[in-house]
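Only the coordinates and a few stated rules stand behind these numbers; no lab work does. Since the model is a prediction, treat every value here as computed from it, not as a measurement. Note: ideal-geometry Cβ built from the backbone for every residue, glycine included; neighbour counts use all protein chains shown.
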Amino acid sequence: MPRIDVTDDLGSWMSLRPDMAPGLVAFSEAVYGRSQLPRRVQEIARMRIALANECEVCRNARYAEAQADGIDEAFYADVPRWRESARFDLREKLAAEYAERFATDHVALRADDDFWQRMRAAYGDAEIVDLAMCCALWLGTGRTMRTLDVGQSCALTLGAG
């Protein structure tokens, strides 16, 4: 049940601040429509954030065309075990680590020279910024929706962008 007086769906909470909603919509469109990261990299990072946020709508969101990118339910089932899973390559594991630590201990992440050496060996600076922007959207909106308890029973199918 929502903690604010709105219909319990994915977007009604934004209607309470219609002058701010377009900014969030534009940010979302940039992440989902302009990211240059491979879909598997995006999805492992998005799901790590979703799990950290305990956001049901985020945990259950799926891309309509995910199969074409080798993303199936087994992919999602392995995300909590990303470190041990053979399903994910080095870049995907680094994205999962970045997202997890971004969500749980960003200060230690910033200070971890070993991590940044590994990250910069696998990703260009523009890709790191891309991943950071994606994680910022997912962390912020997921926590907002979970905290306000809105849309937690809604299904979300993501388009190609």
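Counting only the Cα atoms, the chain fills a convex hull of 116 Å³ per residue. At a threshold of 8 angstrom on Cα-Cα distance, excluding pairs fewer than six apart, so keeping six or more, what relative contact order does the chain reach in percent? About 45 percent, as a whole number. Rounded to the nearest Å, what's the spacing between the alpha carbon centres of region 15-64 and region 80-143? Just the number, please. Here the answer is 15 Å between Cα centres.
Is region 38-106 best put as rounded, prolate or oblate by its Cα gyration tensor, with a ≥ b ≥ c the root eigenvalues, rounded for a/c under 1.5, and otherwise prolate when a/b is larger than b/c, oblate when not? Oblate is the answer for region 38-106, as a/c is 1.5 or above yet b/c matches or exceeds a/b.
Dipole size of region 12-158 about its Cα centre, with +1 on Lys/Arg Cβ and -1 on Asp/Glu Cβ: approximately 100 debye, rounded to the nearest 20.
Comparing mean-square fluctuations of Glu100, Glu29, Glu54 from a GNM of the chain with C-alpha springs under 10 Å, the top value falls on Glu29.
Judged by a Cβ-Cβ distance under 4.7 Å, the unpaired cysteines of the chain are Cys134, Cys135, Cys154.
Amide H to amide H, with H built 1.01 Å from N, Tyr63 comes under 5 Å of Leu158, counting only residues 5 or more places away or on other chains.
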